[in-house]
Amino acid sequence: MPAARNLDVSIYRSRLIVALVLFALSAVLATSLIVKMDRGFDFTDEAFYLMLAQRPTEYEFVLGLFSYAIRPLYLLAGESVSAFNRLGAVILAGLGASLGWAVLERLRLSWRDPDAILIVGMALLAPFFYYTYWLPTPSYNWLVLVAGWILALGLILLQSRPTVSAFIVALAIAIALFTRPLNVAAYCAIYIAGVLCAFADYRSRLAQLGRTMLFGFGLVAALAASLPLRTIARQINGYLTVFGGSHPNPFSMRDQLLDFFTEGWIWWVSGVLLLVCMLARLYERPAIGKYGALVAFSAIVLLGLSLLQRRFDPSNCHVFSVLGGGGFAMLSIACRRDASLKWIALLALIGLIPWAATLGSAGRVCFQVALFPGLSLMVLVMATVLVLPRSFGPTIVAFLGIYLAYRATAAGLASPYRLATSVDRQTISTEIGPQGALKLDERTREFVQTLQRDVASRGFCRDDLAIDLSGEVPGAVFAIGGRMPVFPWIFAGYPSSHRLAGEYLKMVGPERLRRAWLIMGTSVHSLKTEEWKGLGLDLASRSLVDNLAHPVDGSAVKLYAPIVERGPC
């Protein structure tokens, strides 16, 4: 009927306009974050990543192999910190867009379809949840995220393009090898489960796993040919000498999981509900599926209402529970529709990747998983398209995704990780590192420039030895253009810190120590002067060059000149 046709056209146009607006908002938010990636400099973690990327082969032991993976990006960025940060963000956006297009192909959506526009827009923005704490420098967590998105892409293509999927997943696992062993194991397990779900017969399953292993062996062989394996073996042996087989910050995985179950119980319960609904669909128990869908709908409503609370804390699992739990609940409803059960299972496995990305980390799961909920958002969007196609349902979910991405990144910009002020107040251009400049706040700029000026007046040359003995400001070494021998960060405040300090002194040796600039700190967690004296370090023969206030906590940071003066640069 003409009236009904006109109504359909009107609804379509409204959906299309709103979808285009939301796509534009996603692009603007992502672009604004990329633009701000020349602001701020963290003297601990960020500096640690940068110094490892600078010279990964020079250190005598390593904490993981991620430095070898991020160094090519660092060189591609011309050793500019801001360009390095932005390159990492562009790679994430590209991976998101690739996954979005793969979903369109899998669902056979036209690019003019409002649902297609929303899917691509969300895929473009979703990886930017990674910047919740505003640590924009690529690191091991960044590599875990990259590998996770590539793995998700491989799962999306598993049924339609199995050979391409095999290569993509092999690439994801190869990248994950540079992160943590548990991440590799978890990603492999997710992929194997995906193969079991996607293919009905054992011959097809074995063929797919064989293709993946073949590509994987080829990539590993290429990596082995390009990496300095003897140096890596020596560095691993150095790590074992210092820490044994334990983590520098020992943790209990059992306690982590119990804590995560307590804080993230909504995600767990939603996952169990999805499993029940899938089994009910598989074994043709419609009554169970019906009640499961009702419970899932109630869960979605309650999760939506939970967003009305004013307080926003990205580290308490709330965002992950809303997106991850909502995605599982929506997939539970999809089990009542005519959607492919295999496709639902693959989306459910993608929903496990954010949790798998946290395995092996010493921190709280809820704190870590705040970096990775982008894939949970994508599962929620795709599940909504399955349940409510050609409706305003995906539009509402896309609006929710933009809102949560904005709140999460806004929290990071307002309270960035270990910076003196908010990112918006980091506006003064300051030379840091071999190439380029970063925008800093007034206190941090004054701290950096005073160090640079005073070491230069005492004959310091770029790449001279400098050691942060406080464990609180290794970034000061990077800021003045120094080179920290043995290892770029003597972690302070860990159970293993005293042992690390003693082993560091043995490894650095008296000769290099005499030629090195030394930095001492007085903050609560720093390694104190008395502790170093107890380990045999003598500061009495050194001249004090600077006694500055740390830009973040105001504690005293002292700079000592080397005992042996060097000649002209």
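Going by the conditions given, is Ala93 in contact (Cβ under 8 Å) with a residue 40 or more places away in the chain, under 30 Å from Leu505 (Cβ atoms) and assigned to a helix (DSSP H, G or I)? No, not satisfied.
Here is a yes/no grid of residues against (1) surrounded by fewer than 18 Cβ atoms within 10 Å (Cβ to Cβ); (2) modelled with pLDDT of 95 or more; (3) assigned to a helix (DSSP H, G or I):
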position	(1), (2), (3)
Leu273	no, yes, yes
Arg281	no, no, yes
Glu284	yes, no, no
Ala287	yes, no, yes
Phe297	yes, no, yes
Leu302	yes, no, yes
Leu305	yes, no, yes
Arg310	yes, no, no
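Evaluated against (1) under 22 Å from Leu388 (Cα atoms); (2) touching a residue at least 24 places away in the same chain (Cβ under 8 Å); (3) among the acidic types (Asp, Glu), Asp338 falls short on exactly one condition, (2).
Can you find a residue in the range 99-121 that is part of a helix (DSSP H, G or I), within 16 Å of the chain's Cα centre (by Cα), surrounded by fewer than 17 Cβ atoms within 10 Å (Cβ to Cβ) and not aliphatic (A, V, I, L, M)? Checked the range 99-121: no residue is part of a helix (DSSP H, G or I), within 16 Å of the chain's Cα centre (by Cα), surrounded by fewer than 17 Cβ atoms within 10 Å (Cβ to Cβ) and not aliphatic (A, V, I, L, M).
The single condition among (1) buried (at least 20 other Cβ atoms within 10 Å of the Cβ); (2) among the polar types (S, T, N, Q); (3) closer than 30 Å to Leu323 by Cβ that Ser422 does not satisfy is (1).
The residue that is nearest to Gly475 (Cα to Cα), among those in the range 535-569 that are in contact with a strand residue (DSSP E or B) (Cβ under 9 Å, 6 or more places away or on another chain) and charged (D, E, K, R), is Lys558.
For (1) closer than 25 Å to Ile563 by Cα; (2) within 29 Å of the chain's Cα centre (by Cα); (3) of a type in the set (A, V, I, L, M), each residue gets a yes or a no:
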position	(1), (2), (3)
Leu440	no, yes, yes
Phe491	yes, yes, no
Gly509	yes, no, no
Arg512	yes, no, no
Thr529	yes, no, no
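In the range 10-48, of all residues being not in a helix (DSSP H, G or I) and not polar (S, T, N, Q), the one that is surrounded by the fewest Cβ atoms within 10 Å (Cβ to Cβ) corresponds to Asp42.
Would you be able to say whether some residue in the range 333-340 is outside any loop (DSSP other than H, G, I, E, B) and closer than 30 Å to Arg161 by Cβ? Spell out how you get there, then give the answer.
We begin by selecting, within the range 333-340, every residue outside any loop (DSSP other than H, G, I, E, B); these are 333-334.
After this cut, where a residue has to be closer than 30 Å to Arg161 by Cβ as well, the list is 333-334.
Yes: the range 333-340 contains one or more residues that are outside any loop (DSSP other than H, G, I, E, B) and closer than 30 Å to Arg161 by Cβ.
The requirement of being without any contact (Cβ under 8 Å) to a residue 24 or more places away in the chain, of a type in the set (Ser, Thr, Tyr) and part of a loop (DSSP other than H, G, I, E, B) is not satisfied by Ser523. Name the residue that is farthest from Tyr130 (Cα to Cα), counting only residues in the range 278-337 that are of a type in the set (Phe, Trp, Tyr) and in contact with a helix residue (DSSP H, G or I) (Cβ under 8 Å, 6 or more places away or on another chain). Only one residue tops the list, namely Phe297.
Of the candidates Val184, Val242, Val195, the single residue that is over 21 Å from Pro72 (Cα atoms), in contact with an Asp or Glu (Cβ under 8 Å, 6 or more places away or on another chain) and β-branched (Val, Ile, Thr) is Val242. Of the residues in the range 208-227, not one is surrounded by fewer than 21 Cβ atoms within 10 Å (Cβ to Cβ), within 30 Å of Ala405 (Cβ to Cβ), in contact (Cβ under 8 Å) with a residue 40 or more places away in the chain and out of contact with any Lys or Arg (no Cβ under 6 Å at 6 or more places or on another chain).
The values are calculated or read from the model by the stated rules, or taken from the named source; none is laboratory data. None of these values were measured; they are calculated from a predicted model. Please note: Cβ atoms are built from the backbone with ideal geometry, for glycine as well, and neighbour counts cover all protein chains shown.
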